[in-house]
Each structure stands twice: as structure tokens, then as C-alpha cells.
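*Asks:* Sharing a structure with you now.
The values are calculated or read from the model by the stated rules, or taken from the named source; none is laboratory data. Keep in mind it's a predicted model, so treat the numbers as computed, not measured. Heads up, the Cβs are rebuilt from the backbone with ideal geometry, glycines too, and the neighbour counts pull from every protein chain shown.
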């Protein structure tokens, strides 16, 4: 891995710029051309898909599922029988692991909701808290299987009290949803699951079709087409954010294990060639040994080619003089995940302003957060940890303010309201108050 020894160079490297896809890969260009019989940009392709789904409903979903996923479906929704059969197909050890993860996720979010925004009434003013009515969860799939994403998105919504949680995920070419995904959906108590992926799934959830009901919010990760689709439907529905490539920063000192640092960097890098895995350390010795250990461990990985490309393109080891410099770089970068592999790690939390999740000590690898720790693994990426939070129960709650003022309050506040309304030229606003004040004078 490349080792950066200059602090100013490190700052320049970690300075964020808006996430925009670089040159579109040739295989993506060809795939778009195969689907639409002409060359389109990803934005043009997504806009066309959304328009077709909005205008043609289920017919467009069946058509795009055949053209994009290669699956010829007779029904969009997963049946009760398919759920039951999936549970039988999944290894008992995985079912046990999914149940363990679900218990942890549920327990954390039940604790979170106890400390979430509360209802109150004071002095005639207050607020009420209501869960969203219907939420759509997008789970990537097709060639892969992500049961953990089902748990990490659906369970917080259920704990928040959402009436109906709907999952959309792409089918395999034989029209199936992977059994582990269905098992996780069953454990998470998902209400309905549909065999639809890509931008067409986002459009269906946003606008509704004959089979898929319109939702109030869409959450869940995805690739470029999902990001573009969520951008385009935002405003019609709420979204949880626009997830870019996943990323991890590790801060380590001279007592950290280079073996574990390398393992954690590789665990991040194997996600995708555009994932980011960065080590910031005060120890030149650890920097060198971790770089060597990465090379050694790469030889043992099934996804070594992906991990190597990720580390070559975006992976870095940054050498700093002290923890103040390390934390300054973290706050500049605002990483999705931050691991503290340093002595007295908890003492530095107060100084960390911007990070999606903080993982403290060698016994808390980010992998536990990905699967079983409890907080959702859907976290802010691309520097959005400066203003966004990890997915949680708050994402599925909304506030309604309540105003109930007395006659005395009207007399006290009314004249100011009328004055401001007149200054804005909204004389009907002023009149609605002034009439009440006059009525009070005559009583």
C-alpha cells in the first residue's frame, strides 16, 4: 500500500469532492445499449425507466426484469409458499446467526427509540410523534445475496412502528430470490417482498403500480442506477440518503497489531474496487509492517483481485506525528466507519466530530458492526457524516407540532403577529388576528 508521510499531502488526498461517476465502464455502456437498443447515459436510462414504470406500471416492471435481469416472471410478489420453502433451504447455522443478528439489531433500536424525540406539551405548545405509514426497503441482489441488509433496514422501521415494510430486490435469472434473503425478511417480519430490482424498483416504490403500493420513504443501499433513481424520485417520496462507495478509516498507534490492521483494511477493500480503506498511524514501524501484512494476507483471499484494485486506487497508509493530526484528518474526511486501534481509545471520542460509526479497540472490528453488533450498517458515506446519521428509528418517525393558545396568549402575541403580517403585505393574515383581538375587547 502507498504510504503518505506528508500531512499536507494527506489533507489534499482526503479532501472531499462531490461523488460523480467517472468515465462509465465499457461493459455498463454496452449493457445500456443492449437494454435500450441505443446509446444512453446512465441518467438518460434511469429517467426513461422511471417514466415507463410511472406510465405503464406492472407491465414495465415485467419488461425491464426480463431485459435487465434476464428473468421471466409470472408474479412480482414473493408468495407465502416461497418464504416457507426458503426457510427449509437455509442452513440451520445461518438461521441461528440471522436470529442472533436480528435480536441485537432489534434490542439496539428499541433502546434507541426510548431516547428518541418524545412528545410533549408545555405552555400551549407541543409536538406529537408518528411513525411513517409505509416504507420501501431496497436490497441489492441478483448475482449476490445480502440478508444482513434486510435486517439492518427493516428492523429499525418495524421498531419505529411503521405499519407496512415492503422490500424490493432483484431476482436471479431463474426468477428466484436467494433463500437467505427470504429467511432474513421472515425474521425481520417484512410485510411484503417483490422480485424487482434496479431503477425500476425505486420508481415502483415511489409512484406505485398495480402490484406494488406507493411508499412514503425509500431506504437501502445500491449502485449507480439506484443512486440516480433515488435522486430523481426525491420529493415524491423521502429517501434515506445517497450511498456512495463504502469506506473505513483506522487510527492505530505503535501498540496496534499490524496483522489485525491489515485484516480490517482488506475486509473493507473486498467490498468493491471503489471502496476506500485508509490507515492513519503515528508509528512508522506499524505503517511498514501493515503494508507487508496486507500483501501476505491478499494471497489468501477469494476476492483478492477486487481488494488489490481497491487498495491500489484508493487505499492509503498515512503517517502522522500525533493523535491531533490523526483526528484532524478524520474530521476532514468524515468517514463512514472509524476504527480506533489506540491506547485509551475512548478518551478520543469527544474530539471526533464527523464519523458515521466509531469502533473502539481490537475486540470491536467493523465486521461486527456490519452484521451483529446492533446499530444499522446503513451509514453515511462520501463525507455526508458531516450532516447525516446512520439509519435508525428516527428515520421512520415524523413530528407534528401542536399549538393550543389561550385568550391571554392571543392578547400577548397577536399584536406582534399582525404587525409582522402587515410588514409582509399579507393583510388577510393580519386581519384574522385583529378580528380576534377586537372580539376580545368587546366581550
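*Asks:* Which condition does residue 121 not pass, out of (1) at pLDDT below 95; (2) assigned to a loop (DSSP other than H, G, I, E, B), if it passes all the others?
*Replies:* (2) is the only condition that residue 121 fails.
*Asks:* Restricting attention to the range 334-351, which residues are in contact with a helix residue (DSSP H, G or I) (Cβ under 6 Å, 6 or more places away or on another chain) and part of a loop (DSSP other than H, G, I, E, B)?
*Replies:* 334
*Asks:* While we're on this one: Return yes when residue 272 is surrounded by fewer than 22 Cβ atoms within 10 Å (Cβ to Cβ), outside any helix (DSSP H, G or I) and modelled with pLDDT of 95 or more and no when it is not. Please lay out each step first, then the result.
*Replies:* Working: surrounded by fewer than 22 Cβ atoms within 10 Å (Cβ to Cβ): yes; outside any helix (DSSP H, G or I): yes; modelled with pLDDT of 95 or more: no.
The answer is no for residue 272.
*Asks:* Hey, does the range 1-23 have a residue that's without any contact (Cβ under 8 Å) to a residue 60 or more places away in the chain, surrounded by 14 or more Cβ atoms within 10 Å (Cβ to Cβ), more than 23 Å from residue 175 (Cα to Cα) and touching a helix residue (DSSP H, G or I) at 6+ places or on another chain (Cβ under 8 Å)?
*Replies:* Scanning the range 1-23, I find no residue that is without any contact (Cβ under 8 Å) to a residue 60 or more places away in the chain, surrounded by 14 or more Cβ atoms within 10 Å (Cβ to Cβ), more than 23 Å from residue 175 (Cα to Cα) and touching a helix residue (DSSP H, G or I) at 6+ places or on another chain (Cβ under 8 Å), so the answer is no.
*Asks:* Another question, if that's okay. Among the numbered conditions (1) modelled with pLDDT of 95 or more; (2) closer than 30 Å to residue 87 by Cα; (3) buried (at least 22 other Cβ atoms within 10 Å of the Cβ); (4) in contact with a strand residue (DSSP E or B) (Cβ under 7 Å, 6 or more places away or on another chain), tell me where residue 199 comes up short.
*Replies:* Of (1) modelled with pLDDT of 95 or more; (2) closer than 30 Å to residue 87 by Cα; (3) buried (at least 22 other Cβ atoms within 10 Å of the Cβ); (4) in contact with a strand residue (DSSP E or B) (Cβ under 7 Å, 6 or more places away or on another chain), only one is false for residue 199: (4).
*Asks:* List the helices (runs of 4 or more DSSP H) that sit entirely inside the range 147-229 and contain at least 3 residues that are farther than 28 Å from residue 96 by Cα and in the same structural domain as residue 106 (by TED's automatic domain parsing).
*Replies:* The helices (runs of 4 or more DSSP H) meeting that bar are 198-207.
*Asks:* Still on this structure: Applying the selection to the range 49-83, what residues are in a helix (DSSP H, G or I) and within 30 Å of residue 373 (Cβ to Cβ)?
*Replies:* Once the filter is applied, which keeps residues that are in a helix (DSSP H, G or I) and within 30 Å of residue 373 (Cβ to Cβ), the range 49-83 yields only 83.
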